[in-house]
Amino acid sequence: MYIASRTINKDLMRLRTIPYFLLFFSILFSCNQLEKTKTIKLAHGLDVNHSVHKAMVKMGADLKELSGGKLRLEIYPSQQLGTERQCLELLQIGSLDMTKVSVGVLENFAPKMKVLG
């Protein structure tokens, strides 16, 4: 009886460790994938036909080419992520990497910018 319960306990311990190993390896391999390509999020309020947006698309293509595919620019045009003010707030909290805003909106965040407006 003692030997049978001891064998059952060993089997249960083995079964309990399997999910931990699976979790460990899934985290290990997912972290490896993240290092290969860094995505930079850029948002702006301009239309996709605007010349500045077209320049951003060109910048994204150049960035990908010059980095050998390690960097990628993901562009959100036409206020997809919010207004210019909201994009600046997203930038401050780290949810957005880059944004293009007008000086008028920037004045609310940095009063020294009023010189330009």
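A few points about this structure:
- Qualifying positions in region 68-102 - part of a strand (DSSP E or B) and closer than 13 Å to I40 by Cα: L71, R72, L73, E74, I75, Y76, M98, T99
- Selection status of E65, over 16 Å from I40 (Cβ atoms) and either small (G, A, S) or part of a helix (DSSP H, G or I) (or both): no
- Comparison of V101, V115, V48 shows that the only residue that is β-branched (V, I, T) and modelled with pLDDT of 95 or more is V48.
- Counted residues, region 86-117 - those being surrounded by 15 or more Cβ atoms within 10 Å (Cβ to Cβ) and over 21 Å from T39 (Cα atoms): 3
- Residue tally, condition at pLDDT 70 or above and under 27 Å from L81 (Cα atoms), over region 17-45: 10
The values are calculated or read from the model by the stated rules, or taken from the named source; none is laboratory data. Values in this document were obtained by computation on a predicted structure and should not be read as measured data. Glycine gets a Cβ as well: all are built from the backbone with ideal geometry, and neighbour counts include every protein chain shown.
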